[in-house]
């Protein structure tokens, strides 16, 4: 393995960078397990509303497949004027109470996963981190008319108590968020994940209410003081657009009604068996059902990637 240190470019001498008061790494990767773009929207909201400092970036040429996620370019009149290159960055974020933590966000690495994990190990050691929280969003058979469900999973029993959904043993495609959660937990960190359950028929659209749920879940497990002001207006607008699609569409309305009935029945049964959680809880389908939803979502993304690859081959062939 080539030196993982060479993947990281610090913005200044690392010895001059203060260690975070809250020794926590929040990782939020875009793309693969980011239903409704909730992870991307949540990370962007943190950068837009909190005081931040860019600490380091990772070499995208080593980690990113540009033909799988082509950078957006702007063409003005008769020439190209800009390109939005992918950026995987480590940022210091200061919450509203003045506590700082580290945010790792950007596109999920396509290549060199083990080398990337080794680079994260260097960051964990350098900044003496003891906690890690990953943000993900998955498709879920639930209606948009009910609260977004949140599950918390990981190796810290105190943090996941009363917040996790019992799914049994299932297999899902690997992704960097899950791999990092596992890896850092094996290293001895308190390593958990916060997962939002996005209505499966909305996963391809930007869904700000998912970002709100993720930030509220992050606040719940870390005690950070994070605001969702600004996201509420975006979420209300998105809800209105979904309602417009629902009006006059009897088939869509029937699906939503059935999901509402299922949600309410399962919530009633769950409340009778478990004590209430401070985080909103969603429908708990069977393990086979949720596995099928996840695999269908990820398969759709793979189809899009295959189309991009074919297009790229046609371009150069």
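Just so it is clear, none of the values below were taken in a lab; they were calculated from the coordinates. Everything numeric in this text was worked out from a predicted model, so none of it was measured. Positions of Cβ are generated from backbone atoms using ideal geometry, with glycine treated the same way; all protein chains shown enter the neighbour counts.
Couple of notes before you dig in:
- DSSP beta bridge pairing in the stretch 19-105, given as percent antiparallel to the nearest 5: 80
- Of the peptides 53-61, 178-186, 215-223, 12-20, the ranking by mean beta-carbon count within 10 Å, highest at the top, reads 215-223, 178-186, 53-61, 12-20.
- Normalised contact order of the stretch 118-247, rounded percent, pairs of Cα under 8 Å and 6 or more residues apart: 31
- Cα-derived Rg over Rh, computed across the stretch 155-261 with Rh taken as Kirkwood radius: 1.04
- Fraction in percent of alpha-carbon pairs per bin - 5 Å, the stretch 1-96: 2, 10, 15, 20, 20, 16, 10, 4, 2, 1, 0
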